């Protein structure tokens, strides 16, 4: 079990999220709560800039070799985000709670549209709207990796090492879950190799998250 960012061991049971979030500024918390969704979309959409691309590459070719994965992969990522609710880390659970509370706030005053939808269901609906079809924006991979490095710096200053590691591994797991979905929308076999473009993406993401 992790410790509070304020120091001292946890009492029995789990702490409420405010004891974790109080250590972060509003900008820092926005960064930490927004990063999992950005990673999810980046893993499911082609990038606009690939730092691993050779300078001699054909400029008429896309920056990445994998096509848009579509809704099935995005939903796998949503499930990976939601899995953070069962984490032993106070920080991860607090971030997941904040992600879903944003939807709850957006539904305020629109109860008819949101009735019967829990947080995970609503997150799946949002991902569907963002990834279905060709109108969703591509992701600037350079910006995403810079955001990951910024999050690492924040965690180094503010978080307990166990919470920091749990958060960074969880964010990486979101991308990994998306990359394991085949073009047909099914999870790849556990022993199936990851596509080269996906391997490069995951390696760069892991390095930016300081996962070694």
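The values are calculated or read from the model by the stated rules, or taken from the named source; none is laboratory data. For clarity, every value in this text was computed on a predicted model and none was experimentally measured. Glycine gets a Cβ as well: all are built from the backbone with ideal geometry, and neighbour counts include every protein chain shown.
Scanning the stretch 183-198 finds no residues that are modelled with pLDDT of 90 or more, under 22 Å from residue 28 (Cα atoms) and within 19 Å of the chain's Cα centre (by Cα). Please tell me if residue 177 is assigned to a helix (DSSP H, G or I) and at pLDDT below 95. Considered against the rule, which asks whether it is assigned to a helix (DSSP H, G or I) and at pLDDT below 95, residue 177 comes out as yes. Pairs meeting the criteria (first residue in the stretch 11-34 and at pLDDT below 50, second residue surrounded by fewer than 14 Cβ atoms within 10 Å (Cβ to Cβ), beta carbons under 9 Å, at least 6 apart or on different chains) are 14/1; 14/88.
Only helices (runs of 4 or more DSSP H) wholly contained in the stretch 69-154 count here; list those with 3 or more residues that are at pLDDT below 50 and farther than 19 Å from residue 211 by Cα. Explain how you work it out, then say what you get.
Details: elements: 71-82, 90-107, 111-114, 119-131.
Here the list reads 111-114, 119-131.
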